[in-house]
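Input: a single structure, listed below in structure tokens.
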Amino acid sequence: MKKSHPLRRIVLATAATVSGIVLLLSLKPTTDPNAAQAAGAIPQQTAGAQESAQGGAAAAGSGTVTGRVAQTQYGPVQVRLTMSGGKVTKAEAVQAPSGGTSTQKTELAVPKLNQEAVAAQSADIDAVSGATYTSAGYKQSLQSALDQAKAAGGSATGSSTGGGSGNGGGKASAPAAQARTVSGSVAQTQYGPVQVRITVSGGKITKAEAVQAPSGGTSSQKTALAVPKLNQEAVAAGSADIDAVSGATYTSTGYKQSLQSALDQVGG
């Protein structure tokens, strides 16, 4: 082919053009600043989203909850809990019996009860020897605080597990339906009838009271002494396995019989 042939010139021009393009591409920076910024923005947003999500998770089930005041023979007891991530991180008695020997017993018992509440993460803790009434009141108020914390967390759980089905509403209202009041049968004693009424919530006794008890003369005094103790022990024990009150044996026996009758109804 002649050097001046038109086809030769076309081929040479094309080859030169291709070589030029390859050279330009090889000289271009491998990283586009704009592309790099766009690529870097994705991890930054993801990290921010994770931080936000973690903050929300930590906030759930966190805060301070104060239980109801539990009245004891020696004074009121009230427990306050600090929650974090759905767990008890701190327990303290904002009210406790005081005055005379009560102050000494409180100073001895409350720190131990606080420690046990955090360790057990429940109201299933042992009474402190020598401070039975304070311990029983502490457990009552502690359970009340735990119920509040559970209810606050349960509302979120109910909304997430309910989904789109119609059964979700029924499940959310179930805990409220479990709370009820039951009266046991009347137990006849040598000094008069005894009848116990209990309030049960979440399968546990939250309140016990004698709607009938011996009265008149010394019976009234014994009833006034024995019934508050029996009520506290029934709540603390969650059963009819409670001790008789000294000096009120017949009333105690009748109380336990009626209490067991009420518990049988709950179980049935």
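Miscellaneous remarks
- Amide proton proximity set for Val128, modelled H, under 5 Å, gap of 5+: Ser135
- Its residue count N fixes a reference of 2.2 N^0.38 Å for segment 180-267, and the Cα radius of gyration divided by that reference is 0.98.
- Amide H partners (placed H, <5 Å) of Thr206, local residues excluded: Thr199, Val200, Ser201
- Inter-site label distance for Lys150 and Gln71 at 7 Å from Cα along Cβ, in nm: 2.5
- Carbon/sulfur fraction of accessible area - segment 180-267, other protein chains in place, 1.4 Å, %: 46
The values are calculated or read from the model by the stated rules, or taken from the named source; none is laboratory data. None of these values were measured; they are calculated from a predicted model. Positions of Cβ are generated from backbone atoms using ideal geometry, with glycine treated the same way; all protein chains shown enter the neighbour counts. All accessible areas refer to the heavy atoms of the entire protein, side chains included, with ligands and DNA or RNA removed. Shrake-Rupley method; radii C 1.70, N 1.55, O 1.52, S 1.80 Å.
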